[in-house]
Amino acid sequence: MPPKFLAEALSSIKQAEHPDLLVGFNKADDAGVYRISPDSALVQSVDFFPPIVDDPYQFGQITAANSVSDIYAMGGKPLTALNIVCFPLDKFPPETLTQIIDGAQSKLKEADVTVVGGHSIKDKEIKFGLSITGLVNPDKMLTNSGAKAGDKLFLTKPLGTGIITTAIKQNKADEALTKLVIETMSSLNKTACELMLKHNAHSATDITGFGLLGHTYEMAAGSEVTIRIFSDKVPLLPQAKELASEGILTGGAAANREYLEGKISIPDNLDPNLEHVLFDPQTSGGLLVSVPAGSAEHFSNALKQAGLCHEIIGEVVASEDSAVVIL
Ligand code: CO
């Protein structure tokens, strides 16, 4: 039997050791970090995927926002980008590719990131992504394993992009909802990053393919703590629960559920549709940020002022039987 998850297939790969390697791939963090001087380190990530929306320009925007997000999640400043392009010239006109790259370019400009090159191949289906390089001060960088008992937890964007983009493909999302989800996915985590640094966050990660619960589990396990999620405080995109109740779900959510089986505690009376959204894989999701309790109120106010989600969605406690407990 082949392994079910790529993570299993890759599990035998050993992380090379180097005194300047500060964050490698063995901790499931958002980006790799390599020190180049005492107060400066490279922070690098790569991500690419097939189109999740029909409009090529918007697809480019979303992909770029998603790619730079991994740098923001580490508290870094993204600087340069390399485009990764897989494109079927027999199925789409070259303008489609130009629009994808123009869309990405518009978001990179907003992030003050410069494209320095890229690589393209002909392929059977479109795939596009970017490799981003940034800088971070190693003393100020944030990993997904720094959460401390007593911290409060925030999520800066609402959940439900997997369910809603699936609904769009099935013509079950109206125009307003389609517009909103595209806006959400293409918005940068830049301000959220600046604010979490300013408010002394202990730990951060961005919510992507593993959904809120998968990424929360990684933060809890990596930090050797238990994270309690206040399920009624988690910000959701409108109609996400309703669409889930109609059976609009993704294969990714099913895989997340299977992967987390036995690792998290879910109350029997949790609304099953809310549960679907908590497992929903996100594209270009928000930052999950763990801040000291004393900073929580100021951080919340600053997020609110910036127009970001600002409720406390959970808390960090000393390690219990389950790494993640949903309340
Ligand atoms: Co990430």
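The values are calculated or read from the model by the stated rules, or taken from the named source; none is laboratory data. On a predicted model such as this, the values are computed, not experimentally measured, just so you know. Neighbour counts are summed over all protein chains in view; Cβ atoms, including those assigned to glycine, are modelled from backbone coordinates with ideal geometry.
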*Would you confirm whether any residue within the range 224-233 is within 16 Å of the ligand (Cβ to nearest atom), within 20 Å of I326 (Cβ to Cβ) and crowded, with 24+ Cβ neighbours inside 10 Å?*
no
_Index of the failed condition, E110 passing every other in (1) surrounded by fewer than 18 Cβ atoms within 10 Å (Cβ to Cβ); (2) within 16 Å of the ligand (Cβ to nearest atom)_ = (2)
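For the range 2-16, state whether one or more residues are within 16 Å of the ligand (Cβ to nearest atom), of a type outside the set (S, T, Y) and surrounded by 15 or more Cβ atoms within 10 Å (Cβ to Cβ).
Scanning the range 2-16 turns up no residue that is within 16 Å of the ligand (Cβ to nearest atom), of a type outside the set (S, T, Y) and surrounded by 15 or more Cβ atoms within 10 Å (Cβ to Cβ).
If you go through the range 65-90 one residue at a time, how many are of a type in the set (A, V, I, L, M, F, W, C), within 14 Å of the ligand (Cβ to nearest atom) and closer than 17 Å to T114 by Cβ?
Selection size over the range 65-90: 3.
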_G32 being over 14 Å from N144 (Cβ atoms) and surrounded by 12 or more Cβ atoms within 10 Å (Cβ to Cβ)_ = no
*Out of L153, L180, L159, report the one residue that is out of contact with any strand residue (DSSP E or B) (no Cβ under 8 Å at 6 or more places or on another chain), within 27 Å of G314 (Cα to Cα) and not small (G, A, S).*
L180
*Applying the selection to the range 299-323, what residues are touching a strand residue (DSSP E or B) at 6+ places or on another chain (Cβ under 8 Å) and small (G, A, S)?*
S300, G314, A318, S319, S322, A323
*Under 6 Å by Cβ, and 6 or more places apart or on different chains, what pairs join a residue from the range 202-216 that is within 9 Å of the ligand (Cβ to nearest atom) with one that is among the aliphatic types (A, V, I, L, M) and assigned to a loop (DSSP other than H, G, I, E, B)?*
H215/I207
*May I ask you to verify whether A255 is small (G, A, S), under 30 Å from L6 (Cα atoms), away from the ligand (no atom under 16 Å from the Cβ) and at pLDDT 95 or above?*
no
*asked:* Could you go through the range 44-56 and let me know if any residue there is closer than 20 Å to T166 by Cα, surrounded by 24 or more Cβ atoms within 10 Å (Cβ to Cβ) and away from the ligand (no atom under 16 Å from the Cβ).
replied: no
*How many residues, within the range 183-194, are in contact (Cβ under 8 Å) with a residue 40 or more places away in the chain, part of a helix (DSSP H, G or I) and surrounded by fewer than 22 Cβ atoms within 10 Å (Cβ to Cβ)?*
2
*Is it the case that A41 is within 11 Å of the ligand (Cβ to nearest atom), more than 15 Å from L108 (Cα to Cα) and among the small types (G, A, S)?*
no
*Can you find even one residue in the range 257-265 that is crowded, with 16+ Cβ neighbours inside 10 Å and either closer than 19 Å to N189 by Cβ or in contact with an Asp or Glu (Cβ under 7 Å, 6 or more places away or on another chain) (or both)?*
no
*Filter the range 147-177 down to residues that are part of a helix (DSSP H, G or I) and free of Cβ contacts under 8 Å to residues at least 40 places away in the same chain and give me whichever is surrounded by the fewest Cβ atoms within 10 Å (Cβ to Cβ).*
E175
